[in-house]
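The values are calculated or read from the model by the stated rules, or taken from the named source; none is laboratory data. Quantities reported herein were computed from a predicted structural model and do not represent experimental measurements. All Cβ positions, glycine included, derive from the backbone under ideal geometry; neighbour counts span all protein chains shown.
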Amino acid sequence: MEIQHRSRIQKRIGIMKTVAWFMILWLVLAYARVQIWQGREMQKLALAQAVKTRTTPAPRGIIFDRNSNKLVDNRRALHLVIQYEDLPRDSGQIEALAAALQADPDQLKRRVAAIRLAAGNRMLVLQDNLDDSSLAQAEVLRARFPFLSIEVAPRRVYLGEDLAGHALGYVGEVTPEEMQKDPGQFQLGEIIGRTGFEASRNDQLKGVDGQRRILVDYLGREVATYGMQEAKPGRSVYLTLDAGLQTTLKEAFGATQGAGVVLDLRDGGVLALYSSPSYDPNVFLNRLTQEQVKTYWDNPDRPMLNRVTQGRYPPGSTFKLLVALAALEKGIITPATTFTCNGHKSFYGRDFRCDAVHGTLNLVQAIAKSCDIYFYELGARLDVDDIYNTAKKYGLTEATGIDLPHEATSRVPSREWKQRVKHEKWYAGETISVAIGQGANSLTPIALARFYALIATHGKLLTPHLLYGVRQENSSEIDLYQPPPAKDTGLDPKIWTTLDEGLYQVVHSGTAQASALPGVTIAGKTGTSQLTSFVDKSHYAGLAKKLRDNALFAGYAPRENPQIAFAVVAENAGFGASSAAPIARKLCQYWFIDRLKKPLPPPGATLPDAFRLDPDPGADEAPAR
């Protein structure tokens with residue numbers, strides 16, 4: 001029995017040994033399978049958990065003025081974000097995060113879903129431009145929500161603040177509506193130009209995002225860089241703006257609402273463009289509070305409106321030059337034709353007034369004194385379509401083509417326009433008002449400046465533009481922008497001589513003689529556009545400010561060799577001679593006198609800043625031997 005018992009025990013031990021060896025063999029094979037056959041796959045899986053791909057936002061191009069003064073730059077900023085691969089799927093997590101951020105949970109859910117479905121590897125920015133306080137709060141949030149991270153990104157900074165807000169514009173995140181409008185053009189979360197030059201030249205200013213692969217620990221903290229594809233910055237550009245002239249224009253307006261623009265008569269470059277009130281584009285880099293929305297978007301003063309390109313004003317007496325041009329071309333008058341002004345006259349059964357008794361005047365004198373009766377007489381002899389066709393010929397019925405978005409088109413009425421818009425016929429009496437720049441006339445300041453630039457250049461129709469040049473990618477050289485060639489309108493030299501003399505006399509002996517500038521011959525025309533009717537001066541003095549006349553002045557300088565053309569509109573400021581002309585005088589004072597005391601070099605050697613009062617054509621030539 002003892003032998004049998006021992007035999008059974010030995011069998012059991014043998015079976016147990018066999019089972020143990022089989023288990024050991026199975027473990028060895030399983031370990032070998034994991035280490036050898038599945039090792040690479042497991043390594044890939046581990047790396048996928050440890051190596052993350054991060055998008056590196058490309059900085060936008062820097063913007064300079066024509067003299068290399070920096071207007072827009074980038075700086076380093078910290079953002080609280082959720083990376084694409086870390087987007088939470090749990091609805092409760094998103095709601096808890098929204099509560100911690102004091103955000104709308106439904107809106108945050110929509111943003112998370114949109115980023116997850118969007119192409120590319122974009123991150124969801126929750127808070128941008130973190131300061132020390134918000135950075136500390138972000139770190140507390142990260143401890144609670146491990147899928148959050150803090151990323152470094154370039155941030156736009158507008159160095160002049162409100163100096164050129166409407167010209168420069170601002171940037172912001174692309175909207176779903178914009179993505180639907182241009183499929184494939186943008187990626188969700190991309191920063192694009194929203195308004196101004198930032199928008200119109202967005203393709204040149206934006207860069208190409210880079211990527212970096214990083215190694216993270218179990219807490220998601222970056223411990224090493226695994227690979228890098230550098231971001232490609234946007235192209236840096238130079239504007240035609242002169243920062244000194246822009247500053248002069250801003251200071252000249254002060255608190256007065258309105259618009260001013262100065263054009264380079266060589267090629268139509270915009271030397272200054274200011275809309276008052278202006279705004280600081282830096283404000284729009286953060287999410288606006290409700291108070292800020294009211295300040296900028298719900299403000300009756302409309303600070304977001306670019307009055308230079310989008311504001312339309314009755315041109316007043318500045319329009320008389322076009323009417324004179326139409327009458328001369330039609331042969332209705334000659335420069336020597338005279339009419340007598342007794343202070344008022346009846347046309348079509350209605351009494352029309354002038355602001356003075358001017359007596360008998362010819363055309364040049366009528367322009368200089370801004371005699372309404374003289375131009376009423378022209379209006380009685382011209383058909384409204386004659387005026388419209390002349391305006392069309394000389395570019396006043398079309399957009400100027402300036403490289404800024406949403407330019408408004410000026411309006412010069414015609415019979416067809418009134419029938420189409422008001423379903424009414426045109427009456428001859430209406431032409432009387434149109435002839436002095438009232439009635440249905442409505443011009444943008446940029447269009448008015450271009451018309452006076454046309455007179456200054458003997459009939460050349462220029463295309464206003466802000467782009468001066470683009471810096472080459474691998475050097476400091478500048479590729480200069482070539483604007484569209486000027487269109488020759490065929491202005492009769494004899495007619496031009498008459499118009500030029502009239503504009504000179506306005507400042508020399510007429511309505512704007514108080515704004516004459518010693519040493520600089522300014523040629524221009526004052527204008528006062530009436531916004532409401534009034535009985536007499538005492539009645540006018542009692543009108544609310546918003547009902548008072550707009551003041552205008554448009555012209556060019558110097559008369560002998562015109563270099564700049566300009567238009568100034570001062571809203572509800574009274575008379576053009578006393579409100580708008582002094583602003584133009586300050587512009588000429590800076591450009592022709594103050595600027596030359598400390599001239600700044602141009603950004604590129606290929607287009608010298610050749611503005612001089614007395615240019616010496618032989619200054620750059622080698623002396624004769």
Fill in the blank from the handout: Within the range 299-320, residues under 20 Å from the mean Cα position of the chain (by Cα), farther than 20 Å from Thr247 by Cα and either exposed (fewer than 13 other Cβ atoms within 10 Å of the Cβ) or modelled with pLDDT under 95 (or both) come out as Asn299, Asp301, Arg302
Problem - Filter pass, Thr390 being farther than 30 Å from Pro485 by Cβ and in a helix (DSSP H, G or I) - result: no
Handout entry: In the range 92-139, the residues that are of a type in the set (Val, Ile, Thr) and in contact with a helix residue (DSSP H, G or I) (Cβ under 9 Å, 6 or more places away or on another chain)
Key = Ile94, Val112, Ile115
Exercise for the section: Answer yes or no: is there a residue in the range 286-301 that is farther than 30 Å from Leu126 by Cβ and in contact (Cβ under 8 Å) with a residue 12 or more places away in the chain. Expected result: yes
Practice task
Report those helices (runs of 4 or more DSSP H) wholly inside the range 253-340 carrying at least 3 residues which are in contact with a helix residue (DSSP H, G or I) (Cβ under 6 Å, 6 or more places away or on another chain).
Solution key: 320-330
Completion exercise
Going through the range 111-128 in order, the residues found to be exposed (fewer than 15 other Cβ atoms within 10 Å of the Cβ) and either at positive phi or of a type in the set (S, T, N, Q) (or both) are Gly120
Fill in the blank from the handout: Screening Leu78, Leu108, Leu101, Leu87 for residues that are within 25 Å of Arg142 (Cα to Cα), surrounded by 15 or more Cβ atoms within 10 Å (Cβ to Cβ), under 29 Å from the mean Cα position of the chain (by Cα) and of a type in the set (A, V, I, L, M) leaves only Leu78
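Results for (1) modelled with pLDDT of 85 or more; (2) of a type in the set (Lys, Arg), shown as yes or no for each residue.
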{"position": "Ala113", "(1), (2)": "no, no"}
{"position": "Ala119", "(1), (2)": "no, no"}
{"position": "Met123", "(1), (2)": "no, no"}
{"position": "Ser149", "(1), (2)": "no, no"}
{"position": "Ala167", "(1), (2)": "yes, no"}
{"position": "Gly193", "(1), (2)": "yes, no"}
{"position": "Arg213", "(1), (2)": "no, yes"}
Practice task
Just name the residue that is surrounded by the fewest Cβ atoms within 10 Å (Cβ to Cβ) out of those in the range 401-437 that are out of contact with any Ser or Thr (no Cβ under 9 Å at 6 or more places or on another chain) and of a type in the set (A, V, I, L, M, F, W, C).
Solution key: Val421
Practice task
Select from the range 435-485 the residues that are of a type in the set (Val, Ile, Thr) and at pLDDT 95 or above and list them in ascending order.
Solution key: Ile436, Thr444, Ile446, Ile455, Thr457, Thr463
Problem - Residues of the range 464-482 satisfying the condition of being surrounded by fewer than 18 Cβ atoms within 10 Å (Cβ to Cβ) and touching a residue at least 40 places away in the same chain (Cβ under 8 Å) - result: Glu473, Glu477, Leu480
Practice task
Return the residue satisfying two criteria in turn: it lies in the range 508-532 and is among the hydrophobic types (A, V, I, L, M, F, W, C), modelled with pLDDT of 95 or more and closer than 25 Å to Asn441 by Cα, and of such residues it is farthest from the chain's Cα centre (by Cα).
Solution key: Ala512
Exercise for the section: Would you point out the residue of the range 179-212, among those that are over 17 Å from Arg156 (Cα atoms) and among the small types (Gly, Ala, Ser), that is surrounded by the fewest Cβ atoms within 10 Å (Cβ to Cβ)? Expected result: Gly184
Exercise for the section: Report, by residue number, each residue of the range 475-510 that is out of contact with any Leu (no Cβ under 6 Å at 6 or more places or on another chain), part of a loop (DSSP other than H, G, I, E, B) and of a type outside the set (S, T, N, Q). Expected result: Glu477, Pro483, Pro484, Pro485, Gly490, Leu491, Asp492, Gly510
Exercise for the section: Tell me, please, whether a residue that is out of contact with any Cys (no Cβ under 7 Å at 6 or more places or on another chain), modelled with pLDDT under 95 and at positive phi can be found in the range 394-416. Expected result: no
Exercise for the section: Consider Glu291 carefully, then state whether it is charged (D, E, K, R), farther than 18 Å from Arg194 by Cα and at pLDDT 95 or above. Expected result: no
Completion exercise
Note on the range 176-197: residues within 18 Å of Pro57 (Cα to Cα) and within 21 Å of the chain's Cα centre (by Cα) are Gln185, Phe186, Glu190, Ile191, Ile192, Gly193, Arg194
Exercise for the section: Check the range 168-181 and report whether any residue there is within 28 Å of Ala99 (Cβ to Cβ), in a helix (DSSP H, G or I) and of a type in the set (Ser, Thr, Tyr). Expected result: no
Exercise for the section: Take Cys371 and decide whether it is at pLDDT below 95 and either β-branched (Val, Ile, Thr) or within 22 Å of Ala512 (Cα to Cα) (or both). Expected result: no
Fill in the blank from the handout: The residue that is surrounded by the most Cβ atoms within 10 Å (Cβ to Cβ), considering only those in the range 329-355 that are closer than 20 Å to Gly527 by Cβ and within 42 Å of the chain's Cα centre (by Cα), is Cys354
